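Single-structure report; data block below.
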Amino acid sequence: MAILILDLAIASAFALPQQNDSISPAQPIAAISFVLFHNRVYLPVEVNGPQTFEMVLDTGAAISGLSEATANAIHLRAAGKAELIGNGESHLKIALAKDVTFRLGGVELQEKSVAIVPYADLEEHEGRRIAGVLGVPLFRRYVVVIDYHAKMLSLYEPQDFVYRGPGERVPLRLGGATLLNAVIELPGRDPITCNLAVDLGTYSALRLYRPFLEKHHIVDPPGIDSFGFGLGGEFPERLGRVSTLRIGSLNLKDPITSFSTARSGATSTSSYDGTIGGEVLRRFKVILDYPRQQMILEPSSDFSEPWAADTSGLILQARGADFRTILVLHVLKNTPAAAAGIKEGDVILTVDHQETLDLSLVGIRRLFTNPGKYHLQVRRGQQVLEVDIMTIAPRN
């Protein structure tokens, strides 16, 4: 039985970006607008025919994957089994399918094997449907340019691609993951070089894995105990910061950092030290040039945005067919939510008199990244309660 590592972790019609003199040829062979949701790139992809599905772009997926619902919709038959190790602590038994054709922006990509993955639990944490992930085979075939600010993805033939711009060229090592060297700085410590995976399918900024933390005696860093999530469910982590994340000559100050304490799942591996995810990558135009084993980072106008973090102490999940029932899954200790008396199992009905039906899970998370006082209406059994919570800015 194969062991696959897949993270995860709505586009409009075909369009071409404006002329960019830093890239030659100026016109890509395909350009697709995308939706950025929870720091993940969602692309419109035709799968085995004209039907279009919204799939996540994911350098953490060794092969592409489809949800069980997508596989059923296109009558895709299983042709094997495998075990999947995601970020969550649970291993998943999945099916494999053969000979699937993906089409995006007029470009076709054929994969001999794809995974059929149960995404239901991850969808409840994400707050939306996930039709599948488009993985590493796309990056091995084309040069992929992701303009996060413009929300445009462009594909280039490798033999025609020439870069002349001012972006930071970062060498990549390609194997089971897309790896680069980076440096982190912590207060009172010498700089530490780390081996990080570039993971488009991960929503977080910087995530450091437990074996790396133990090796460098990074124990009980300042922050709060929390939970991350991915395929395979939740995993425990401590949410804090490092002083600096350095990639080449680029310095990112005080990034929000997930310090994993998991004992199983991908975040407990010693194969590499952690990941750089969407909260970092969305601050750049990212050029992934696998044929030349390099990534090029052009800082965008979003580069200096503050690092946002939800300090409410609420770990929420979206339930129901439309993901509009917002359930309190965990209340973290010593947080505003705990002080307000919110309990696990409560259902949030309104935030500042706005119904959660309208806000959605991602909207509530975005609200709680802004320090301030929030009035919540929650349902607990047959009771409807009124509570106030006061969120604070994350500490440096």
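The values are calculated or read from the model by the stated rules, or taken from the named source; none is laboratory data. Since the structure is predicted, the reported quantities are computational estimates derived from the model, not experimental observations. No Cβ is skipped: glycine too gets one built from the backbone with ideal geometry, and neighbour counts run over all protein chains shown.
Just one residue in the set K343, K333 is in a loop (DSSP other than H, G, I, E, B) and under 27 Å from the mean Cα position of the chain (by Cα); that residue is K333.
Could you tell me which residue of the stretch 263-304 is surrounded by the most Cβ atoms within 10 Å (Cβ to Cβ), considering only residues that are under 18 Å from V56 (Cβ atoms) and among the aliphatic types (A, V, I, L, M)? So, considering only residues that are under 18 Å from V56 (Cβ atoms) and among the aliphatic types (A, V, I, L, M), the one surrounded by the most Cβ atoms within 10 Å (Cβ to Cβ) is A266.
Among the criteria (1) under 19 Å from A177 (Cβ atoms); (2) not in a strand (DSSP E or B), the one A309 does not fulfil is (1).
Going through R129, R173, R207, R141 one at a time, which residue ends up being surrounded by 21 or more Cβ atoms within 10 Å (Cβ to Cβ) and charged (D, E, K, R)? That would be R207, the only listed residue that is surrounded by 21 or more Cβ atoms within 10 Å (Cβ to Cβ) and charged (D, E, K, R).
The residues on offer are G320, G265, G341, and the sole one that is assigned by TED's automatic domain parsing to the domain that holds G228 and on the phi > 0 side of the Ramachandran plot is G265. Condition (residue is under 18 Å from the mean Cα position of the chain (by Cα), crowded, with 21+ Cβ neighbours inside 10 Å, at negative phi and not assigned by TED's automatic domain parsing to the domain that holds P236) applied to the stretch 103-118: is it met by at least one residue? Looking for residues that are under 18 Å from the mean Cα position of the chain (by Cα), crowded, with 21+ Cβ neighbours inside 10 Å, at negative phi and not assigned by TED's automatic domain parsing to the domain that holds P236, one finds at least one in the stretch 103-118, hence yes. For the stretch 150-167, the set of residues classified as surrounded by fewer than 20 Cβ atoms within 10 Å (Cβ to Cβ) and under 19 Å from T59 (Cα atoms) consists of K151, E157, P158, listed by residue number. Condition check for E124 on (1) closer than 16 Å to V56 by Cα; (2) over 17 Å from the mean Cα position of the chain (by Cα): one failure, at (2).
Among the residues of the stretch 360-373, is any out of contact with any Cys (no Cβ under 9 Å at 6 or more places or on another chain), over 19 Å from A318 (Cα atoms) and assigned to a strand (DSSP E or B)? Yes, that holds for at least one residue. Filtering the stretch 106-156 to residues that are in contact with a helix residue (DSSP H, G or I) (Cβ under 6 Å, 6 or more places away or on another chain) and of a type in the set (F, W, Y) leaves only F139. Among the residues of the stretch 34-64 satisfying the criterion of being hydroxyl-bearing (S, T, Y) and within 13 Å of the chain's Cα centre (by Cα), which is nearest to I85 (Cα to Cα)? Applying the filter and picking the extreme gives T59. Would you pick out the residues in the stretch 152-202 that are in contact with a strand residue (DSSP E or B) (Cβ under 6 Å, 6 or more places away or on another chain) and in a loop (DSSP other than H, G, I, E, B)? Answer for the stretch 152-202, where residues must be in contact with a strand residue (DSSP E or B) (Cβ under 6 Å, 6 or more places away or on another chain) and in a loop (DSSP other than H, G, I, E, B): F161, G167, L172, A177, P191, D199, L200, G201, T202. Inside the stretch 232-265, residues that are among the basic types (K, R) and within 28 Å of P166 (Cα to Cα) make up a count of 2.
Out of L281, L250, L245, L239, one residue alone is among the hydrophobic types (A, V, I, L, M, F, W, C) and within 14 Å of the chain's Cα centre (by Cα). It is L281. Selection of the stretch 183-202 for residues being buried (at least 24 other Cβ atoms within 10 Å of the Cβ) and closer than 17 Å to R241 by Cβ yields I184, L196.
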